[in-house]
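Notes for the one structure printed next.
The values are calculated or read from the model by the stated rules, or taken from the named source; none is laboratory data. It should be emphasised that the depicted structure is a prediction, and the values quoted were computed from it without experimental measurement. Don't worry about glycine lacking a Cβ; one is built from the backbone with ideal geometry, like all the others, and counts go over all protein chains shown. Each accessible area value is taken on the protein alone, full model and side chains, heavy atoms only, with ligands, DNA and RNA left out. Shrake-Rupley method; radii C 1.70, N 1.55, O 1.52, S 1.80 Å.
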Amino acid sequence: MKYFNIVHISLTPLVAAPGKMAKLQREFGHNACCIVLNDYPSKGPLANKFLDDSILFTKEMTPFIENSIRQADIIHIHNNCPIDKAQLINRLNQKTKFIYHVHSPLREGPLFLDRTQDMGIVFDDFLVVGQHWPKLYPNYKPVPNIIFHTPSINLRQKGEKLRIAYSPTHQHIGKWTSKHCQELNDTINSLSSLGLIELIRPESPVHPNTLMYMRRYCHLTIDEIATGGYHQVSLEGLCAGNIVINGADYFGKKVLANFCENVDPPFIHAHSSNIAEVITRFVQSEELTREWQTKSLEYFQKYLLPSRLIHIYNAIYEKLYEN
């Protein structure tokens, strides 16, 4: 395997995905770092929660960041890079290979338009997070979103209430980015009020490690059922040995299966008209709960460990330097 100097650049932390990727690449021998140009708004609930594995672009850090850019074999840009920073990168390094990697849909924030033409960078490869975004970027290579937590399971015991984790990151409505569904809210609130479930729903965003700690306590994770897609939450649910409920369509599941020896993930599909029925099945059966918890953990351990998925990225990098 070849080893590279890699610089990840992201306009925002992107819930730590680029930073964690750089951390994993260092563990596998690459000299990798992640530069975040701006944290989330200082007065917002996400500020300072996703920078653990990244370097924030500040005046004080500029000399060190510029040195990393000069040495980079690969500059891996996530979602967007402002023109002034793109011009700086071009001045510092004319020999690097550029990768553009999208984590968001087109025609919704933050990628309302194709940003590749705005940056003034000639990209060598184009990647898209392999969840449900590939249908919007048919010419990009799907790549897996990697979950870096250690897998675990807390099997539901006889007599225990079903514990459900539900923590959408936002309430805004969008064609591809909605995470809110009134029928889902009504269902889980009713079941909780009746004492049939224990609902774990933080009042405000918490640090990702804290949220994962809470998820490990649960038996079931709910992602979203509004768009026909799924998000990182579903993968974290598998890692925590939770039943995972989402609205993932055939295409979204097949993209993930493509990284997993063509085996579909054990997601439980739901939509607004059947969500109450789906959850009630697990409320009523501890045995069914344990069965699907075990399927989740086994799938993650077999197919989604970082040590397995990182080689997909390594192969992309190596191909850029084959000639």
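Restricting to the range 1-15, name every residue that is farther than 17 Å from Asn67 by Cβ, open to solvent by 10 Å² or more (accessible area, probe 1.4 Å) and in contact (Cβ under 8 Å) with a residue 40 or more places away in the chain.
Of everything in the range 1-15, those that are farther than 17 Å from Asn67 by Cβ, open to solvent by 10 Å² or more (accessible area, probe 1.4 Å) and in contact (Cβ under 8 Å) with a residue 40 or more places away in the chain turn out to be Met1, Lys2, Leu11, Thr12, Leu14, Val15.
I'd like to verify a number: residues in the range 160-175 that are open to solvent by less than 80 Å² (accessible area, probe 1.4 Å), more than 16 Å from Thr210 (Cα to Cα) and at pLDDT below 95, how many?
Of the residues in that region, 2 qualify.
Look through the range 25-42, keep the residues that are of a type in the set (D, E, K, R) and over 18 Å from the mean Cα position of the chain (by Cα), and return whichever of them is farthest from Ile9 (Cα to Cα).
Looking at residues that are of a type in the set (D, E, K, R) and over 18 Å from the mean Cα position of the chain (by Cα), I get Glu27.
Checking the structure you have, find out if any residue of the range 116-134 is under 15 Å from Leu11 (Cα atoms), open to solvent by 30 Å² or more (accessible area, probe 1.4 Å) and more than 17 Å from the chain's Cα centre (by Cα).
So far as the range 116-134 goes, yes, one or more of its residues are under 15 Å from Leu11 (Cα atoms), open to solvent by 30 Å² or more (accessible area, probe 1.4 Å) and more than 17 Å from the chain's Cα centre (by Cα).
Please work out which residue is nearest to the chain's Cα centre (by Cα), limiting yourself to the range 190-247 and to residues that are open to solvent by less than 50 Å² (accessible area, probe 1.4 Å) and acidic (Asp, Glu).
If we take residues in the range 190-247 being open to solvent by less than 50 Å² (accessible area, probe 1.4 Å) and acidic (Asp, Glu), then Glu236 is nearest to the chain's Cα centre (by Cα).
Against the condition aromatic (Phe, Trp, Tyr), in contact with a helix residue (DSSP H, G or I) (Cβ under 9 Å, 6 or more places away or on another chain), open to solvent by 10 Å² or more (accessible area, probe 1.4 Å) and modelled with pLDDT of 95 or more, how does Phe267 come out, does it pass?
When the stated conditions are applied, Phe267 passes them.
Limited to the range 249-260, what total is found for residues that are touching a helix residue (DSSP H, G or I) at 6+ places or on another chain (Cβ under 7 Å) and either open to solvent by 10 Å² or more (accessible area, probe 1.4 Å) or at pLDDT below 95 (or both)?
3
Does Leu297 qualify as being at pLDDT 95 or above, under 19 Å from Arg163 (Cα atoms) and either open to solvent by 30 Å² or more (accessible area, probe 1.4 Å) or of a type outside the set (Asp, Glu) (or both)?
yes
Among the numbered criteria (1) open to solvent by 30 Å² or more (accessible area, probe 1.4 Å); (2) at pLDDT 95 or above; (3) touching a Phe, Trp or Tyr at 6+ places or on another chain (Cβ under 9 Å); (4) not aromatic (Phe, Trp, Tyr), which single criterion is violated by Asn48?
Here Asn48 meets the rest and fails (2).
Please state which of the following conditions Gly159 fails to meet, knowing it meets all the rest: (1) under 30 Å from Ser193 (Cα atoms); (2) under 23 Å from the mean Cα position of the chain (by Cα); (3) among the small types (Gly, Ala, Ser).
With respect to (1) under 30 Å from Ser193 (Cα atoms); (2) under 23 Å from the mean Cα position of the chain (by Cα); (3) among the small types (Gly, Ala, Ser), Gly159 is out only on (2).
Could you check Cys34 against (1) open to solvent by less than 10 Å² (accessible area, probe 1.4 Å); (2) touching a residue at least 40 places away in the same chain (Cβ under 8 Å); (3) within 19 Å of Pro208 (Cα to Cα) and say which number it fails?
(2) is the only condition that Cys34 fails.
Take the range 283-298 and flag every residue that is among the charged types (D, E, K, R) and either more than 17 Å from Leu196 (Cα to Cα) or out of contact with any Asp or Glu (no Cβ under 8 Å at 6 or more places or on another chain) (or both).
Glu287, Arg290, Glu291, Lys295, Glu298
Determine whether Asn80 is surrounded by fewer than 21 Cβ atoms within 10 Å (Cβ to Cβ) and in contact with a strand residue (DSSP E or B) (Cβ under 8 Å, 6 or more places away or on another chain).
no
Is it the case that the range 144-156 has a residue that's modelled with pLDDT under 90, hydrophobic (A, V, I, L, M, F, W, C) and buried (at least 16 other Cβ atoms within 10 Å of the Cβ)?
Taking every residue of the range 144-156 in turn, none turns out to be modelled with pLDDT under 90, hydrophobic (A, V, I, L, M, F, W, C) and buried (at least 16 other Cβ atoms within 10 Å of the Cβ).
Filter the range 179-196 for residues that are over 19 Å from Ile268 (Cα atoms) and either in a loop (DSSP other than H, G, I, E, B) or in contact with a Lys or Arg (Cβ under 6 Å, 6 or more places away or on another chain) (or both) and give the result.
Leu194, Gly195, Leu196
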